[in-house]
Structures are given as structure tokens and as C-alpha cells.
Amino acid sequence: MTQTVVVAVDAGGADAGPAEVSRAAELAAAEHGVRVLLFGPASALGTATPNVEVHDAPLSIAKHPDPVRAVRAHPEASVVQAVRAVAEGRADALVAGGSTGAALAAGLFRIKRAPGVHRPALAMRVPAPDHPFLMLDVGANTAVRPEHLVQFAHMGSAYAELLLGLESPRVALLSNGEEATKGSEDVVAAHALLGQASAGLNFIGNVEGFGIATGAADVIVCDGFTGNVVIKMMEGASSALMGAIRGAAEQGARFRLGGLLLRPALRGVREAVDPERQGGAMLLGLRKPVVVPHGSFGARGIAAAVGLAARAVREDLGGRTHAALEAGGALRTREVTSAAPGSLPGIRDSR
Amino acid sequence: MIQTHLADELELDPARVEESTHFKNDLDADSLDLYTLVQELEDTYGVIMSDEQAAGILTVGQAVDFVLAHAPAQRP
């Protein structure tokens, strides 16, 4: 019999409040067969149940303007306690929504980077109609080096195999032109590195912005600043488009009737692109799985995040990403090959 | 030993890490990198470093000196 997966959940960051996260924990335990360690204000979390253990952690640092300092200064904070549970082996994975910065900092300090990884990257399944794809980094690193992008490509490919069920995902760099010479200095250098024989990676070159949502690639790699802007722009555009369709369908009886006829089909589209169904973004490159759901998620979305974390444990995502990096010769080494003079890999000003 | 540990954390050949190596100027380290190093030193050597003290650690030599001055006896 396989062991029950234990997921530590920070209840301090959700916009809807800790009680909503508590509901998500119950939902996740029932739907995904996991045990949840819930960290937040006990007064709002309710009583423990057989599969949900409540740990009183009233302090939330989710809205702190300097998450790195907050993580260090407040070891009693809910996210730090949840991370510690994972680092100490009391839980197998972490779910922490509401503050990517706090989850990243606490994860780096306590769970630590996986061996051979320069920087963790936040990977998100983007539910584009007919062409769901994986995008990374969507917010962990505002600036990256070419070797970081190379690692993101390998880790993203391994994650896409698991998440999207693809045998050989098509991996591309996001740039402003398809030619290998297009893009920033770092993107061009990463293209050159990825273009060399790279075992196990199906690198197809660059994709441009208009190829993102139309199935040009299965894994799109970029720095965290660009990725974050792209996914938020897509969310905004999608929301505006749905609103415009709704508005058009309400202008007159004939259109209302047409809208009624279309409603089942539109509902299917809306459900397919619903971000809550995706469960949030996975922080790849730490020693244990960390999932960061959107702060605005309700119980259903947070439960999906717990399910995603449990799946990463059960299907050994960490082992898969390490194997992909190793097979591609992309594990970090002490040999400095592509760093600029006076600078070194893994260390970069991310202003 | 501390210097070797720092080199490992910085992904460098220990021979390339000198006491005068400046975290920000020479290694282009950002605040998250530095705090990760500080956390590693705290966890490994049992030292406690305030944010103010951490802000004053600019070079590898200063980090080594801090650990030597503040590490409890019998620590590794």
C-alpha cells in the first residue's frame, strides 16, 4: 500500500481568508486522498479532522512589502511554519498562495534548491483553448542568465511530460523573432546553448508573442518578469473578451436568444480556461514540490493546488526534473562557461 | 572550511574565492542570494545574524570573520 501524501498548506495568504483555505483542505483530502497540515489562525480554521491537522499560526506575511526580510524576521509566520514542516520531513509538499515572494524566499531558505539547480522557476499550465501549454518562469526571477533559461527548458520539458501527458514536448524560447539572432543578449545566448545537441530536449527555437496561445510550442521559456506580464495580460484579455461576448449577447431579444443557445458551448470554454482548475504554478527546482496558487483562488482552486502538489510527489517530479537536467548536461557545475567577466552563475542582480 | 562552504554555495571553485571577494561587486549577488547565504551560515554554524549585521557583510572575508567570532563552541 502506498503511503498517504502529506501536504502543508499556508492558510494566511488567500484573499478569501483562512476559512476558505480550511474548506479547500477538506475538499482536497476528500478528492485527492491526501493529509493536510494547515497553518493559519486556528480561530478561523475550525477544528481538526482525521485528514486535516490544524497548526495555529496567526501571523500572515503575505502582504508584506519585503517578503525576504519578513521570512527571516518572522519564523512564526504561517508560510514559514508550513515551509518548515516540509523541510523537516513532516510534509511532502507545500501549497502557499498569496505571496510568490514569501513562498520563494522561505522555500529557498528552508527547503533549499535541488542539487545542480541555479534558480527555481515558477511554471504554470496556461489553459489556452485547444492548446494548453506550460510557461516558465512566470515570476520567480525578474532577471536570468542564459544557463538559467537552459535549465528552465529542461525542467519545463520534464514537467510538461507529466502535466500535459506529452512524450516529447516542443520547447521554445519566447522572443521577438523566430531567428536565432533575435532577442535579448541572454535569449540569443540561451538559444545557442539549447541549439547544441541536447539529449532528451525537443527544442524548436524561438516563438513570438502571437504564437503563445496558438499552439506554437508546448513549453515556453522566458524570464520571470516577461512571463508574469504575459500571463497577466492573457488573463486580462481573456476576461475582457468574455465580457464583450456577454455584452453583445444582451443587446436585444434576438441576440439574447442566440446567447442562450450558445451558453452551453461558452460554459465549456469558460470551464476549460478557468485558472482555478489548473491549481496554480509549480516552483520547479527546489528539493520538494511547492505549488503557488493565485491569491484570489477560492476553495476549489486551492484544493486543485493541493491535488497538483500531491501528484508531483506521487509521480516524482523532483526526480524527473533532475534526470532531465542530467541527461541534457545542464546541471550546474563549478566550471564557469557563460558568465560575463566579473560575474558568476546563480548570482545575479534581479532588480 | 567556511570559505569552502561559501564557494560551494556560490557554485565556485574554492580556489577562485578569496577573502576580498565582494558579494555584490564581484559576484553580482542580489539580496535574495545574500540572504540565502546568510541563512545557510546560520543553519550550518549556529550563528544568528540580524538584518543589520547581514547588511554589513560585504565580502567573503567578513562572512568568515563573523562566523568565527559568533559561532558557538563545538560547532562544526
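Taking a straight Cα-Cα cut-off under 13 Å and skipping sequence neighbours fewer than 8 places away in the same chain, the aspartates and glutamates within cross-link reach of A:Lys182 are A:Glu208.
Seen from A:Arg170, the other residues with C-beta closer than 13 Å to its C-beta sum to a net charge of -3, counting Lys and Arg as +1 and Asp and Glu as -1.
Counted by Cβ distance under 15 Å from A:Ala19, the other residues give a net charge of -3, where Lys and Arg count +1 and Asp and Glu count -1. For the stretch B:1-58, the Kirkwood hydrodynamic radius comes to 11.8 Å, computed from all pairs of different C-alpha atoms.
Please compute the average number of Cβ atoms from other chains found within 10 Å of each residue's Cβ in peptide B:17-29.
Mean number of neighbouring Cβ atoms from other chains: 3.
Across peptide A:138-145, the mean count of Cβ atoms from other chains lying within 10 Å of each residue's own Cβ comes to 1.
Contact order normalised by length for chain A, with contacts defined as Cα pairs under 8 Å and 6 or more residues apart; what percent is it?
Values: 748 pairs, mean separation 81.5, N = 351.
Value for chain A: 23 percent.
3J(HN,Hα) along the stretch A:299-315, derived from phi through the Karplus expression 6.51 cos²θ - 1.76 cosθ + 1.60 where θ = phi - 60°, amounts to 4, 5, x, 5, 4, 5, 5, 5, x, 5, 4, 5, 5, 4, 5, 4, 9 Hz, with x in place of Gly and Pro. Just name one of A:Ala281, A:Val52, A:Gly215: the one whose Cα is farthest towards the positive end of the charge dipole of chain A (beta-carbon charges, Lys/Arg +1, Asp/Glu -1). Positive-end residue among those listed: A:Val52. Summary value for the stretch B:2-70: 40 percent relative contact order, contacts being C-alpha pairs under 8 angstrom separated by 6+ residues. With contacts taken as Cα pairs under 8 Å and at least 6 residues apart, the stretch B:32-76 reaches a relative contact order of 46 percent.
Each of A:Tyr159, A:Gln196, A:Ala102 was scored by the projection of its Cα onto the charge dipole of the stretch A:84-211, and the greatest displacement toward the positive side belongs to A:Ala102; charges sit on the C-beta of Lys, Arg, Asp and Glu.
Note on the stretch B:2-70: with charges restricted to the Cβ of Lys and Arg (+1) and Asp and Glu (-1), its dipole about the Cα centre is near 160 debye.
Normalised Debye scattering of the stretch A:1-145 at q = 0.12, 0.16 Å⁻¹ gives log10 I(q)/I(0) of -0.52, -0.89, counting only Cα atoms as equal scatterers and leaving out solvent. Within a straight-line Cα-Cα reach of under 25 Å, A:Lys112 can be paired with the following lysines, leaving aside sequence neighbours fewer than 8 residues apart in one chain: A:Lys63, A:Lys288, B:Lys24. Among rounded, prolate and oblate, which fits chain A when a ≥ b ≥ c are the square roots of the eigenvalues of its C-alpha gyration tensor, a/c under 1.5 means rounded, and a/b larger than b/c means prolate? Since a/c reaches 1.5 but b/c is at least a/b, the shape of chain A is classed as oblate. Comparing A:Gly139, A:Leu241, A:Ala128 along the charge dipole axis of the stretch A:121-275, the residue lying farthest to the positive side is A:Leu241, per the Cβ-charge model.
Averaged over A:95-107, how many beta carbons belonging to a partner chain fall within 10 Å of each residue's beta carbon? Let's see the in-between values first.
On the way: counts 0, 0, 0, 0, 0, 0, 1, 0, 0, 1, 5, 1, 0.
Mean shielding count: 1.
Annotation: Cα Rg of the stretch A:121-275 relative to the compact-globule expectation 2.2 N^0.38 Å equals 1.20.
What ranking, highest mean first, results for peptides A:32-38, B:64-70, A:322-328 when packing means the other Cβ atoms within 10 Å averaged over each residue? If you can, show how the numbers build up before the last one.
Details: A:32-38: 22.7, B:64-70: 15.4, A:322-328: 19.4.
The most tightly packed comes first, giving A:32-38, A:322-328, B:64-70.
Using a simple spin-label model with pseudo-atoms 7 Å out from Cα toward Cβ, A:Thr4 and B:Ala69 lie 5.1 nm apart. Peptides B:19-26, A:278-285, A:144-151, ordered by how many other C-beta atoms sit within 10 Å of their residues on average, highest first, read A:278-285, A:144-151, B:19-26.
Read the figures in this text as sums done on the coordinates, not as results from a lab. What you see is a predicted model; the values in this text were computed from it and never measured. When we count neighbours, we look across all protein chains shown, and the Cβ atoms used for this are built from the backbone with ideal geometry, even at glycine.
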